[in-house]
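Peer 1: Quick one: this structure, given as structure tokens, is what I'll be asking you about.
No value in this document is a laboratory result; all are computed from the given coordinates. As the structure is a prediction and not an experimental result, all values here were calculated from the model. As a convention, Cβ positions derive from the backbone with ideal geometry for all residues, glycine included, and neighbour counts pool all protein chains shown.
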Amino acid sequence: MKTPAERDAVRALGTATGSGFDTAAERLAGGDVREGRLHDAEGPLTADRLARSVAAALAGSGVETPDVRVRGVGTDALSAGRPVVVDCQPVGPSGTRIRAAWTFVVDGDGGWERRAQLALDAAHRAGRDRLSAALDGDSVTAGEVAGEVRAEVTAYGFEEPSVTVDGVGLASRERPRGGEEVESGQVVVVAASVSRAGDETVSEGRRTDVVRHVETLCLDGDDGGSVERVVPLPKSLSPSRALD
């Protein structure tokens, strides 16, 4: 359970973290595609360079420990048309932690990745609805929220999604977890991802593609109750559209 001051610290950290995703979108949208790889004015745009840019943006917004990881395809430069996952686990000045992740695709074909985004968007909405029910007085556990998210993803045809729901605060994973009930005043992370592991229509290399979305939610029971997304995540896989 978080005090009002602790929840305010989470919100401030979430706002600062949003600047990192803006930076990632700007770097990816502003580059060029050369022979299927991403480049910018400084040369090949690698996962490490993108992570350092995002971390610098978070640090500039007051984040004590940015902790940014980028998962993409290609060691010399990230690949166009393939998912680039930007995963942030920042720590604020007071030791408060949150988690957030978004997936970008530069010059995507709007196929598998788009279906994955739609599935994850629907799944996160279902998770937020279940958390809202907890604020309305229903008995809801973290495991039940995870089950709702998982069921929504599989309804879109994605088998065996990775889904976790747990608390966050001074540790990266706190209560509620598993069979523990969700309550007003808590801060909860909903993480979900899908992979192409079983897709026989593409090369073996592409079966490692992953689309991952993670959001931190502040559960505030005041004024009728609300499930607040504390990090302003993008709304599109396309970096250029994410900046609109």
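Peer 1: Can you give the charge dipole size of segment 16-141 about its Cα centre, rounded to the nearest 20 debye, using +1 on the beta carbon of Lys and Arg and -1 on the beta carbon of Asp and Glu?
Peer 2: 260 debye
Peer 1: Could you compute how fast the chain diffuses translationally, taking Rh as the Kirkwood radius over C-alpha pairs and applying Stokes-Einstein at 4 °C with viscosity 1.567 mPa s? Give it in µm² per second. It would help to have the intermediate numbers written out before the result.
Peer 2: On the way: Rh = 18.3 Å.
Diffusion coefficient, whole number: 71 µm²/s.
Peer 1: Related question: How many angstrom separate the Cα center of segment 72-91 from the Cα center of segment 197-213?
Peer 2: Cα centroid of segment 72-91 versus Cα centroid of segment 197-213: 15 Å apart.
Peer 1: Tell me the label-point distance for the pair Ser94, Ala5, using the 7 Å Cα-to-Cβ offset, in nm and rounded to one decimal.
Peer 2: About 0.7 nm separates the two model spin labels.
Peer 1: Next question, about the same structure. Counting helices only, and only those DSSP H runs with n ≥ 4, report the 222 nm mean residue ellipticity of the chain as the sum of -39,500 (n - 2.57) divided by its residues, in deg cm²/dmol to the nearest 500.
Peer 2: Working: 5 runs with 82 residues, N = 244.
That calculation yields -11000 deg cm²/dmol at 222 nm.
Peer 1: Please compute the length gained on full extension between Ser172 and Glu160, using 0.36 nm multiplied by the number of residues separating them and subtracting their Cα-Cα distance.
Peer 2: Numbers: separation 12, 0.36 × 12 = 4.32 nm, distance 2.40 nm.
Stretched fully, the Ser172-Glu160 segment lengthens by 1.9 nm.
Peer 1: Continuing with the same structure: Select from Leu78, Leu50, Leu170 the residue whose mean-square fluctuation is largest in a Gaussian network model of the chain (Cα-Cα springs shorter than 10 Å).
Peer 2: So, out of Leu78, Leu50, Leu170, the one fluctuating most is Leu170.
Peer 1: Okay, moving on. With charges only on Cβ, +1 for K and R and -1 for D and E, what is the dipole size of segment 4-242 about its Cα centre, in debye, rounded to 20?
Peer 2: Working: 28 positive and 39 negative charges, 119 e Å.
The calculation lands at about 580 debye.
Peer 1: Given the peptides 61-67, 182-188, arrange them by the average over their residues of other C-beta atoms within 10 Å, most packed first.
Peer 2: 182-188, 61-67
Peer 1: Something else about it: At Asp48 and Ala122, where each label point lies 7 Å from the Cα along Cα→Cβ, what is the point-to-point distance in nanometres?
Peer 2: 4.1 nm
Peer 1: Obtain the nm distance between the two label points defined at Glu181 and Glu64 by a simple spin-label model: each point lies 7 Å from its Cα along the Cα-to-C-beta direction.
Peer 2: Label at Glu181, label at Glu64, 3.2 nm between them.
Peer 1: Between segment 1-67 and segment 111-187, what's the alpha-carbon centroid distance in Å?
Peer 2: If we compute the Cα centre of each part, the gap is 24 Å.
Peer 1: From the square roots a ≥ b ≥ c of the eigenvalues of the alpha-carbon gyration tensor of segment 41-133, which class results: rounded (a/c under 1.5), prolate (a/b over b/c), or oblate?
Peer 2: Details: a/c = 3.19, a/b = 1.04, b/c = 3.07.
It comes out oblate by the Cα gyration axes.
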